[in-house]
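Here's the structure, in structure tokens; my notes come after.
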Amino acid sequence: DDSNIRQLTNWGFAAYPRWSPDGLQISFSSGRYAVGTGDQEYATVGYNADEAFVVDASGGFPQMISEGGRGAKAPSWSADGRSIYFESGFDECGGAQIWKRNIDTGEEMLLARCGFRPLEGVDGRVYFFDVEGQGISSVPVEGGEIRLELSHGGECRRFFNAWTLW
């Protein structure tokens, strides 16, 4: 009803917002990588590769949960809320790498190459747009064999963000 709206960020842009499973936090990516890395005030620090951030849904200072400098775009939550999936960098195929990062330990695992926009499904698999497969592929949350789930072919790459899990 618009009666409890509050602004959670106030710099540049924030993209790919996703609620945490418990509804207490929101992940997003932004090109302002230096904001949120310690006790800094909001400041003009320039734009760089997108990094992954988390902010409390009730407000507060966004905290960067990616390493900084490498890039971490389109973050999304694991079902248990302990990990974040994201895309980072570019491979020779023209797609990003799909990573899983444990929020508490910082441990990261490469899940796939040549993909965009990872989303965990209820079946224990991470779905992503697969540049090489020209469609939606999946990989187990613990890593392993990639499986092409839906192929469109042709001009499909133009729509790498135009899908979701339901």
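Can you tell which of Gly94, Gly69, Gly106 is under 18 Å from Gly31 (Cβ atoms), modelled with pLDDT under 90 and more than 14 Å from the chain's Cα centre (by Cα)?
Gly69
Mind checking which strands (runs of 3 or more DSSP E) fall wholly inside segment 53-133 and carry at least 2 residues that are among the basic types (Lys, Arg) and surrounded by 16 or more Cβ atoms within 10 Å (Cβ to Cβ)?
Fully inside segment 53-133 and qualifying: 96-102, 108-120.
The values are calculated or read from the model by the stated rules, or taken from the named source; none is laboratory data. Just so it is clear, the structure is predicted and the values come from calculations on it, not from any experiment. Glycine gets a Cβ as well: all are built from the backbone with ideal geometry, and neighbour counts include every protein chain shown.
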